[in-house]
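The values are calculated or read from the model by the stated rules, or taken from the named source; none is laboratory data. Predicted model, so just to flag it, every value in this text is computed and none were measured. Here the Cβ positions follow ideal geometry from the backbone for every residue, glycine too, while neighbour counts run over all protein chains shown.
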Amino acid sequence: MIKLKDIITENKSLSSDVSNTISYLKNNKDKKILFITTSVRYPFNTGYDKGGVEDEIPKSTELALFIKKSIPNKSVWIDVPQLKILPCEGNVSHITGNTCGVKDSLLKDKEKNPKGYHRCWASVNDTSDELWKVSRPLFEADIVLFFASIRWGQANAEYQKLIERLTWIENRHSTLGEDNIIADKEAGFICIGQNWNGVNVVDVQQKVLNFYGFKTPQQLSWNWQYTNDAKDETEKSYKKAYGKFKEELGIKEKE
């Protein structure tokens with residue numbers, strides 16, 4: 001079996017990026033880490049929630065769990081597609097002005113919002129919304145790592161829906177003039193793609209996280225992409241990509 005440590009000197013793509021991220025987290029071993037995965041691949045609950053490796057796991061989720069198992073930090077993992085997170089209502093451009101994150105939008109539930117930071121009209125207007133299952137551990141974490149896949153040159157829809165729903169975090173300090181409630185937290189964005197635009201997606205999302213108010217160390221944001229040939233849509237290429245990904249992580253294929 002190929003081990004990650006055996007290929008770090010040979011390959012400066014996935015292996016070196018993973019190594020740098022793991023080293024950074026280990027050097028901050030007293031900090032709490034939140035892993036947030038957003039890629040969808042049916043079916044859910046195929047065993048990876050128990051630490052196993054199954055064929056239907058999205059590569060970005062498999063990567064997140066690989067890193068999680070490699071660090072001593074206290075950590076939490078949330079898989080966003082398994083939650084009911086409603087679309088953003090877009091209250092930043094409401095007819096009455098920007099009403100995103102105002103005090104009237106406070107989620108008044110001690111279990112869902114123990115720190116009193118969660119202010120989102122969508123959560124107030126529909127009690128079935130589960131964004132609190134992300135925001136509550138987010139405010140308890142020191143480092144937040146978002147994992148996504150690339151879909152048509154952009155971060156996948158579940159990630160985009162989530163980051164839009166968290167707009168109130170940024171809006172509180174940028175528009176409403178309040179304190180930045182995540183000023184002491186670090187965040188990163190790691191994505192997996194096949195053949196197009198991964199570098200640009202990481203660059204944009206790292207800037208988004210910084211704009212939100214997170215600190216964004218470079219070791220926590222990067223992408224892995226199988227090929228730089230944007231026109232390579234062959235079946236052979238997609239099949240080889242998964243094998244290459246597992247090889248670089250040092251995960252042995254099933255017999």
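Of all residues in region 22-39, count the ones that are over 16 Å from the mean Cα position of the chain (by Cα) and in contact (Cβ under 8 Å) with a residue 60 or more places away in the chain.
Looking only at that region, the number is 4.
Check off (1) within 23 Å of the chain's Cα centre (by Cα); (2) modelled with pLDDT of 95 or more for residue 103 and give me the number that stays unchecked.
(1)
Could you check region 123-148 and list, in sequence order, the residues that are over 12 Å from residue 80 (Cβ atoms) and not in a helix (DSSP H, G or I)?
Result: 126, 127, 128, 129, 141, 142, 143, 144, 145.
Just to be sure I understand, how many residues within region 153-209 are touching a helix residue (DSSP H, G or I) at 6+ places or on another chain (Cβ under 9 Å) and either aliphatic (A, V, I, L, M) or within 21 Å of residue 78 (Cβ to Cβ) (or both)?
29
Considering only residues that are without any contact (Cβ under 8 Å) to a residue 60 or more places away in the chain, surrounded by 13 or more Cβ atoms within 10 Å (Cβ to Cβ) and in a helix (DSSP H, G or I), which ones fall in region 97-122?
Residues satisfying the conditions are 121, 122.
Which members of region 213-224 meet the condition of being polar (S, T, N, Q) and either in contact with a Pro (Cβ under 8 Å, 6 or more places away or on another chain) or not in a helix (DSSP H, G or I) (or both)?
Going through region 213-224, the residues polar (S, T, N, Q) turn out to be 216, 218-219, 221, 223.
Result: 216, 221, 223.
Given the residues 246, 161, which is the only one that is crowded, with 16+ Cβ neighbours inside 10 Å, charged (D, E, K, R) and over 14 Å from residue 60 (Cα atoms)?
161
Examine region 225-248 for a residue that is within 30 Å of residue 119 (Cα to Cα) and in a strand (DSSP E or B), and state whether such a residue exists.
Looking through region 225-248, none of the residues is within 30 Å of residue 119 (Cα to Cα) and in a strand (DSSP E or B).
Can you find a residue that is of a type outside the set (Asp, Glu), closer than 13 Å to residue 249 by Cα and modelled with pLDDT of 65 or more anywhere in region 22-45?
yes
Only one residue in 210, 180 is on the phi < 0 side of the Ramachandran plot and in a helix (DSSP H, G or I). Which one?
Of 210, 180, the one residue that is on the phi < 0 side of the Ramachandran plot and in a helix (DSSP H, G or I) is 210.
Residue-by-condition table, conditions (1) buried (at least 16 other Cβ atoms within 10 Å of the Cβ); (2) at pLDDT 95 or above; (3) within 18 Å of residue 131 (Cβ to Cβ); (4) not polar (S, T, N, Q):
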| site | (1), (2), (3), (4) |
| --- | --- |
| 148 | yes, yes, yes, yes |
| 153 | no, yes, no, yes |
| 167 | yes, yes, yes, no |
| 221 | yes, yes, no, no |
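Name the residue that is surrounded by the fewest Cβ atoms within 10 Å (Cβ to Cβ), counting only residues in region 71-96 that are at pLDDT 95 or above and assigned to a strand (DSSP E or B).
76
Suppose we filter region 129-153 for residues that are among the charged types (D, E, K, R) and in contact with a Gly (Cβ under 7 Å, 6 or more places away or on another chain); how many remain?
The number of residues fulfilling the criteria is 0.
Could you tell me which of the residues 62, 54 is modelled with pLDDT under 90 and more than 24 Å from residue 129 (Cα to Cα)?
54
Which residues, counting only those in region 123-137, are in contact (Cβ under 8 Å) with a residue 40 or more places away in the chain and either crowded, with 19+ Cβ neighbours inside 10 Å or among the aliphatic types (A, V, I, L, M) (or both)?
The answer is 129, 131, 134.
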